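Working notes, beginning with the structure itself.
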Amino acid sequence: MRLLLATRNAHKVREFARLLGDVELDPLPDEAGTPEETGETYAENALIKARAAAAATGRAAIADDSGVEAAALGGRPGVRSARYAGAAASDGENLALLREEVPAGSALRYVCVIAHVAPGGAETLFEGVCEGTMAAEDAGTRGFGYDPAFVPEGERRTMAELTDAEKDAISHRGRAAHALREWLGA
């Protein structure tokens with residue numbers, strides 16, 4: 001089985017290839033546009049990207065949207081996680097702002113929604129959640145984004161300290177991808 005992944009991000013293509021096993025993935029072709037993520041939910045943003053990719057190519061397409069939610073902030077940054085400290089903010093700037101606003105030990109959760117859009121327009125959503133807490137200090141060099149500060153439930157290490165296999169088994173994206181893979185029968 002072959003799917004179009006609605007991104008040109010090489011890191012994300014590698015991660016999804018690892019998560020989806022036997023499903024072959026193609027990145028978004030250069031000639032296909034990338035729509036603005038204007039949704040208010042992860043599902044809306046994932047669907048915006050998957051719909052655009054499917055419409056541009058006539059192929060089944062998948063896209064995801066994900067973020068971190070802090071209980072102390074009423075669920076923020078949520079869908080704004082990638083631009084929490086501003087539209088052009090780096091991962092480090094986003095993480096620094098979250099650290100300023102959320103005390104160590106506070107509840108966090110990662111959420112991911114993957115949208116599958118078939119060429120005929122049928123849409124299916126898959127959600128994964130990973131509960132955790134804010135680490136006292138950043139640790140680890142693996143992963144990206146908020147991973148150095150996110151300690152998954154049942155762990156002492158941050159997401160950035162876990163191996164790919166350990167992270168894939170418990171992460172929000174890993175759980176959503178597992179549900180997609182089962183649905184595909186792959």
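Filter the stretch 139-162 down to the residues that are surrounded by fewer than 20 Cβ atoms within 10 Å (Cβ to Cβ) and at pLDDT 95 or above and list them by number. Residues satisfying the conditions are Ala139, Gly140, Glu153, Gly154, Glu155, Arg156, Arg157, Glu161. Does Glu31 satisfy the condition of being loosely packed, with under 14 Cβ neighbours inside 10 Å, among the charged types (D, E, K, R) and under 22 Å from Arg157 (Cα atoms)? It is false that Glu31 is loosely packed, with under 14 Cβ neighbours inside 10 Å, among the charged types (D, E, K, R) and under 22 Å from Arg157 (Cα atoms). Of the residues making up the stretch 1-25, those that are more than 22 Å from Gly143 (Cα to Cα) and either of a type outside the set (Val, Ile, Thr) or part of a strand (DSSP E or B) (or both) are Met1, Arg2, Leu3, Leu4, Asp22, Glu24. For the structure I just gave you, tell me whether Gly174 is within 21 Å of Tyr42 (Cα to Cα), touching a helix residue (DSSP H, G or I) at 6+ places or on another chain (Cβ under 7 Å) and not acidic (Asp, Glu). It is true that Gly174 is within 21 Å of Tyr42 (Cα to Cα), touching a helix residue (DSSP H, G or I) at 6+ places or on another chain (Cβ under 7 Å) and not acidic (Asp, Glu). Evaluating Ala118 against the criteria (1) surrounded by fewer than 20 Cβ atoms within 10 Å (Cβ to Cβ); (2) small (Gly, Ala, Ser); (3) more than 27 Å from Gly21 (Cβ to Cβ); (4) modelled with pLDDT of 95 or more leaves one unmet condition, (3). Got at least one residue in the stretch 35-43 being farther than 20 Å from Ala165 by Cβ and part of a helix (DSSP H, G or I)? Checking the stretch 35-43: at least one residue is farther than 20 Å from Ala165 by Cβ and part of a helix (DSSP H, G or I). With respect to (1) at pLDDT 95 or above; (2) closer than 25 Å to Met159 by Cα; (3) small (Gly, Ala, Ser); (4) in a helix (DSSP H, G or I), the lone exception for Ala50 is condition (2).
The values are calculated or read from the model by the stated rules, or taken from the named source; none is laboratory data. Keep in mind that what you see is a predicted model, and the values were worked out from it rather than measured. Every residue, glycine among them, receives a Cβ derived from its backbone with ideal geometry; neighbour counts consider all protein chains shown.
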